[in-house]
Structures are given as structure tokens and as C-alpha cells.
1. Could you work out the Rg to Rh ratio of segment 323-478, with Rh taken as the Kirkwood radius (inverse of the mean 1/r over all Cα pairs)?
2. Plugging the Kirkwood radius over Cα pairs into Stokes-Einstein for segment 293-362, at a temperature of 37 °C and a viscosity of 0.692 mPa s, what D comes out in µm²/s?
3. Can you give the Rg/Rh ratio of segment 211-301, where Rg is from the C-alpha atoms and Rh is the Kirkwood radius?
4. Take the Cα pairs of segment 122-236, get the Kirkwood Rh, then feed it into Stokes-Einstein at 4 °C and 1.567 mPa s and tell me D in µm²/s.
5. Using only alpha carbon positions, build the gyration tensor of segment 405-534, then give the equivalent ellipsoid semi-axes as the square roots of 5 times its eigenvalues, largest first, whole angstrom.
6. Projected area of segment 245-347, taken from the Cα convex hull and averaged over every viewing direction, in nm²?
7. When only alpha-carbon atoms count, how far does segment 366-419 stretch along each of its three principal axes, as whole angstroms with the largest first?
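Every number here is computed from the coordinates shown, using simple stated rules; none is lab data. All values reported here derive from a predicted model rather than from experimental measurement.
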């Protein structure tokens, strides 16, 4: 038996027909160099264990097709189904079973059993790791931080597998020695066949001796590969020489040829049936056995030799062609797989080099990389010389990405801790404001706190919901109180609207026909009453204010008072209207600042003009110029008086 890790190398079938008149025999069949690769390990689900154990030295064995030239004896192989159910055993039971097989069974009979025990062991090992990983995640651990424990039993099974390989190597060595002994025996038989040609004994006895030599030939096993062709050419040459030069009974010869023809027809039919076999490698293997049997069968009638050989050769050529096409297709497929894996490597390297600065982006790109790993698992092998290299490239890109991710989250956790403290501080501030009754000021302050909350980065998911609920509860408490307060205020706004409408009617009904001073005091009283009445609904505010302003201004216009006094009364009305507008107090105070600025400017003008009068006394037309300046000063003093009165009105309203 050839070593399981050896490669297959076969020679092409020759075109020489099986003809006793022609020296030589059909040459062995051929297939291009072929191999089946070891199964590639499965990529991990966990982003932190992506490639652990991807190429374990005990996890890989290459199974090859037996070369037809070797003409090896088929070794009986024990079937796993005759053992207990391997999937129901735990790892220690599998190890014990493997040790028992190695100690009690020949190594050549337990090949399938050893392979199935190993597969079941590593399936269970991988399932245990996956279970622990899920348990680690369910307990709150980050998947990328999970590190599997060493398997305490793995060293035992590796030691047993190592022993198995040594036993198998010893067996193969013994097989090679046996092949050399077989070669010597077969050459001895050839020499004995050569001696039969000059045998002087009876034909029947000589032919019987020839048959005994053929039986001995068939019972001898395989020989070394490099001697197969020469051995068979010698054997068939002397067999054919025996038939040609020993004058045996013609009927016996013809009967033997007929039986050989019938046997070879059966082999042709079996070879033709192999054309329907879907498993190309299996069909090729069986074909090698048929060629071994063809060699064992003697010559056929001369008239059928070319025909029967051409029939067998035609089926052989077709199966060979399918076998060669299979490996050509396999090679093309592996080239396509290499291209696909190269594209995945490029995408993984692109993700690895992408600048990522947020938790959201890390989650997105991690999912993208895990998706690439899933696609990788669906792609078959690359060419053998590139397979390990392309996998190493992909693995390094994935490792680099997740190493960067771990570094980011190391810093990110510290930032999350700082963000948590900042948000707790905002919670404390919001909680101190939730019972406040300064509705406008507190509303602005809470909105500012909410704006700052949004500017602070994320916190750990375990504290995120808790701290957010605390902050939201404090804000909601205040705004619910505010809403309740203003719902009560809204009820009073309707009453205020009715009072202001009634006051407008009273103003319109008031007649200006008595003492002007008394009428003026009455109008001032109307203004005070208006200011004392509270807010009205917002939708009615502009309309009711406009009606009030028109009504009170008509009454002031009807009074027989100077324009200056009337202007001050209207100014007061204007300032009172500001109270009902947004930022009303601010606008009133801005008006006061304008009056103060104007007042200072006028006072400076008076000082300047008074200084100028002293210069005018020494100039021509001095009296005329002095009168003009004094007139300006007098008018400015009146304006200053008006400004002072406006400032007093503003101060009265502000209080």
C-alpha cells in the first residue's frame, strides 16, 4: 500500500494490442499528477478567535488515488459502522477507543476508524469552545475578549495519532520489502517458463506445469513501481513464446483462447459501464483494477486480438479523458477560487486601513469583515502552492483589524467612563432645577443642559439607559409642573381678555367734556388698570392691544393739553404694550438705554454751546449769534426734561 501522503504519478496506456504474436503487453494507464487537498479548517464566528487552529498538524491528511502500475493488493479496512456510535461518545471515550484500536488491530485495517475518531473528537472540541464562548458573551463579556482554554486531552490524542503514523510508516516499509521479494519470485517464475520451452516431457505435463506457474504468478502480490513495466513485458513475452514454440494440442490452445476472450469481453463491458459512473476518481481507480485483471488473462484468438484490445482501449481512453478533464476543471476552479480569495483579502486589507473613530463605525465595519469571513468559508481550495499563502494574507488582515479594534475599545472605555461622569453632573444640575418656579429661566437652563448632553459622547451600554432615565426624569418633572402651571394660567387668560374688552368699552364711553386735569387723571387711571390686568390668549393679544391703543390715543388727542404732554402719555402706552411681547422687558430696557445715551449727548451739547457764548462776545454780530445759541440751549433743556420723564415712565413700568 502506498503512503497516504504520497502523490499519484501514472503513465499513459499504450497502444499495443494484446497479441501473442507481438512481444509486449498493454502499458499501464495514466492520469495527470493529481492530489486531493486536506480539508480547510472553518473560519470562526467569534471576531477575537477568527483563526485559532486553522492548520493543526494533526488535523490534516491527504488522501490520494492509487497508481495503477503498483498493482497493489487491496488491504481490508475496518468500517466504523461496526463500532459503537462515535457521535455519542465523549472525548475521553474516543481517546480510549483509539488507543484500543492501535493496540489490538493491524494498522492497515483501522484507517477509516482512526479518521472518523479524529473527526468526531475535533467536532466535540470545537463545539465545547463555541459553547464556552456563548456563555462568556451571555455573562456580559465582550466576544473579542474571549480566549479559549487549552484542551487537557488534546496532547493525548495527538500522541496516539503520532503513534498511528509511525505504525503506518512501519507497515508501508514492510510492504516495500514484500514487493521486492515478490519481484524476485516473479522473475524466478519467468525463468521457469523459459525452461518449459526446452522441456522434453509430455505436452500435457508441460502444459500443467505452465498452468501451475501461472497460478503461482497470480498469487504473488505487488512489486515495486519502477519494475512493473519491464516485469510485465518479460512475462508476456515468454508466455507468448511458450504458446508459440511449444506444440500443444490445438484444441486445448483454442479452448484456452476462447476462455481468455470471454474473460476479456467481460472486462470490456465493465470498463464501458464505468463511463456512466459520476465519481470520476472512483471510475479511474476501478479501471486500474480492470487493467490489472487484463494483464492476468492470457492471449485470445489471433483474429480477435486487435478488435478486443481496441474495444478495451477505447473505453480506457474515454475514462482517462474524463479523469484528465476532471483535474483540468479542478485546476481552473482552484484558480477562480484564488482570484475570489484575493479579492476578499483586498477588501479585508481595505477595512483594516480604514480610519475608524466611533463605536457605530466599528460595529459596522466589524460586521462587514465577519461577512467577508462567511464568504471565505463558501469558497473552495486555491491551488496547493498558493492555498496556505492566500489564507495567511487573509488571516493577517483580519488579525490586524481586530487588534486595532481592541486598542480602540481600550481607549474608548476610558472615554466612556469620563462621559458617564459628565452626564451624572448634568443629572445633578437638572435635579436641582426640577422644583424651580422660574419657568422661563429654568426652561432655558434645562434646554442648555439637554444641548450639552447631546454633545457628550456615549457611555457603556450597561449605564447608558440608567443615567439617561435619571436625566430625563429630572427634566420631565420640571416640564410637567410647568405645563400644569400654564394650563391653569390659560384659564385666567380668558378672564383677562373679558376684563380688557370691558375696559376698552369704558374708555370709549368716557367723555372729554369736564376739567382737562381731571380727564387726564382718569385716562392715566385707565392706563394703570390696563397694566394691572394680566395676559390674554396669544391669538387675541395683537387685536386687543390695537383696539386699546386706538381708544386711549383718541381720548388723549381730544384733551386740550400740549403736544409734549400728549406724547409722554402715548409713550407710556407704548411701553406698557411691550410687556405683552416676547422679551418685552429687554426691549423696555433697551429703550431706556437709548434715552440715557440721548440725554448725555444733549447735556454735552449744552456745555459746548455755553462755552461758545464766551467766544461770541468778542466777535461782530455777537448778540444775534448768542440769541441763536441760547434758543438752542432752551430747546435742548426741554428735550432733556422730556427724556427724563420718559426714563421715569420706564422705571415705573419696570418696577
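1. Details: Rg = 25.9 Å, Rh = 19.6 Å.
Answer for segment 323-478: 1.32.
2. D = 187 µm²/s.
3. Ratio value, two decimals: 1.02.
4. 65
5. 57, 14, 10
6. On the way: hull surface 33.9 nm².
Here the figure is 8.5 nm², rounded to one decimal.
7. Answer, in whole Å and largest first: 52, 18, 8 Å.
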